[in-house]
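This report refers to the structure that appears directly beneath it.
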Amino acid sequence: MKKVSVLILTFNRLKLTEKFVPVIIDRIGKIDHEVLIWDNGSDDGTYDWLENYGTADCRVTSVHASEKNFGMEAINFLAEKATGEYILKIDDDILPPLNFAQRIVRTFETVDEPKLAYLAWDMPWTNGSFARRSGMKLYNDPYGKRVETVDGEVFISYNTSPWLVNGACRLSPRKLFLELGGHPEGILYGVDYLITKRAKAYGYWIGFYSPADLIQHMGGADSKAYRKLKDALLEKHGAPKHV
């Protein structure tokens, strides 16, 4: 398998970063990889912790920081610095299964679809999982297809506009990610919808890797005020609410 660059972005989430970044790194698996971390201008001590941790743990390739919050655009900065064939963006509050990077790269290469721009690891959601909530019609001919894997299924959507890829743990070929423009500038929420639309516009597909062991989102539940802000930003970009 080709090298994968694991990219982690954080902002003012010291406790979550302390708890889950080491676990994420522990669970990458046996694959050629590097780990790049970006702090988006935190003022709660997150960067200080990351700097110390990155110095102490040789598995961390590099830690970067900015004085301002660039939002999701900061993943582009890491992607440009990365040296892997693939980039695997994972949130700092995700509990991934064992060997997650090794497994998702292996699955991407096994599926072997040149049009597949993004492959996301499925996660639990209301009434099922993130992929299944949109209806299995999206992954059946003529809208898409389902591919059996050694430990589950891959759901591929040809017509990506009805829904979006899950950005909590998302793999893409690095070169293609950059060619498609990466993450748009100034986006805090709704980036997954926008990159999904762009992939479709250029004739690419999205997919979900859905084995028995899904990734787990461990961050706290949104407050009503935070949810209102988030939904307003999603609506601004034309994305579905409550994602």
Exercise for review: Quick one: what are the phi-derived ³J(HN,Hα) couplings along region 208-218, Karplus 6.51/-1.76/1.60 with θ = phi - 60°, whole Hz, x for glycine and proline?
Suggested key: 10, 8, 10, x, 5, 9, 7, 5, 10, 7, 9
Practice item. Mind giving me the nanometre distance, one decimal, between the label points for residue 161 and residue 48, set 7 Å out from Cα along Cα→Cβ? Key: 5.1
Check your understanding: With each label point set 7 Å from Cα along the Cα-Cβ vector, what nm distance links residue 98 and residue 151?
Key -> 0.9
Revision key, fill the gap. About its Cα centre, region 4-236 carries a charge dipole, from +1 on Lys and Arg Cβ atoms and -1 on Asp and Glu Cβ atoms, whose size in debye to the nearest 20 is 800
Check your understanding: Straight-line reach from residue 228: which lysines have a Cα under 21 Å away, not including same-chain ones fewer than 8 places off?
Key -> 236, 241
Exercise for review: Give me the distance between the Cα centres of region 142-210 and region 43-88, rounded to whole Å.
Suggested key: 23
Review point. Given the chain, what percent of its DSSP beta bridges are antiparallel, to the nearest 5?
Key: 55
Practice item. Give me the distance in nm between label points sitting 7 Å out from Cα along the Cα-to-Cβ direction at residue 85 and residue 175, one decimal. Key: 1.1
Point to revise | Length-normalised contact order for region 4-236 - Cα pairs under 8 Å, 6+ apart - percent | key: 24
Revision key, fill the gap. The correct pair for the chain, radius of gyration to one decimal and Dmax as a whole number, both in Å and from Cα atoms, is 16.9, 51
**Study point:** Residues 169, 58, sorted so that the one with the fewest Cβ neighbours within 10 Å comes first
**Key:** 58, 169
Exercise for review: Return the lysines within reach of residue 19: Cα separation strictly under 26 angstrom, same-chain partners fewer than 8 residues apart disregarded; answer none if there are no such residues.
Suggested key: 3, 30, 68, 81, 89, 224, 230
Check your understanding: Quick one: longest stretch of the chain between exposed loop GluC sites (Glu not before Pro), exposed meaning at most 11 other C-beta atoms within 10 Å and loop per DSSP?
Key -> 68-184
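A short reminder: the numbers here are calculations on the coordinates, not readings from a lab. These numbers come from a predicted model, not from an experiment. Note that each Cβ is placed from the backbone with ideal geometry, even for glycine, and that neighbours are counted across all protein chains shown.
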